[in-house]
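J.: The structure is given below, and queries will be raised subsequently.
Values in this text are rule-based calculations from the coordinates and carry no lab data. Model, not experiment: these values are computed from the prediction. Backbone-built Cβ (ideal geometry, glycine too); neighbour counts: all protein chains shown.
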Amino acid sequence: MATPDFCSPLALRVARTFAAPRERVFRAWTDPKAVKHWFLGESEGEWTLEPDLDARTGGGYRFTGTSGGKAWCIHGTYLEVKAPERLVFTWEWKDYPAPGDSGDTLVTVELFERGRQTELVLTHEKFATEAARQDHATGWVGCLGAMAKLL
């Protein structure tokens, strides 16, 4: 199970070990069909459009859905794609957590071989508020739980 670590002000780190090879875990982050199965985590959210990913340095992604009757869209740019060990991407969420708030943050996903398992370390930083950091900590723990079921 993943537990968030509030590693510095307005940043978080979540680590989880998966019983799957690193290549498979990396693919879960870069294949739209896989993302569709784990990204909503344990929420009652729904996709309104298929996940759109161009997982290459300089490429982008867009996730669009609804949760609790409210529409949302998360998008960003891949700053680094180093298969199968590292992804760095911007995370932009307009009007989060409240209208006018910046959701322009940064996510780094690192994958480490641990024998026949893979340790994933996710760092999400540059939150505008403590509330946004807390919400994302809960969200990432749920997402990684759903990913564990997929893998």
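J.: In whole Hz and in residue order, list the ³J(HN,Hα) couplings for the stretch 9-20 that follow from phi through the Karplus curve 6.51 cos²θ - 1.76 cosθ + 1.60, θ = phi - 60°; x for Gly and Pro.
T.: These are the phi-based 3J(HN,Hα) values: x, 6, 9, 9, 9, 10, 10, 7, 9, 10, 7, 7 Hz.
J.: For Cα extents along the principal axes in Å, several values are listed as (i) 51, 37, 27; (ii) 52, 31, 24; (iii) 45, 34, 30; flag the one computed from this structure.
T.: Given (i) 51, 37, 27; (ii) 52, 31, 24; (iii) 45, 34, 30, the structure-derived one carries the label (iii).
J.: Got a sec? Charge dipole of the stretch 3-150, +1 on Cβ for Lys and Arg, -1 for Asp and Glu; which of L106, T123, P21 is way out at the positive end?
T.: P21
J.: Full extension from A11 to K70: what is 0.36 nm times the residue separation minus their Cα-Cα distance, to one decimal in nm? Show your work: numbers first, answer last.
T.: Numbers: separation 59, 0.36 × 59 = 21.24 nm, distance 2.52 nm.
Stretched out fully, the A11 to K70 stretch lengthens by 18.7 nm.
J.: In straight Cα distance, which lysines are under 17 Å from K70, not counting same-chain residues fewer than 8 positions off?
T.: Straight-line reach from K70, under 17 Å: K94.
J.: Could you work out the helix-only [θ] at 222 nm for the chain, with each DSSP H run of four or more residues adding -39,500 (n - 2.57) and the total divided by the number of residues, to the nearest 500 deg cm²/dmol?
T.: Details: 3 runs with 37 residues, N = 151.
Value at 222 nm, helices only, nearest 500: -7500 deg cm²/dmol.
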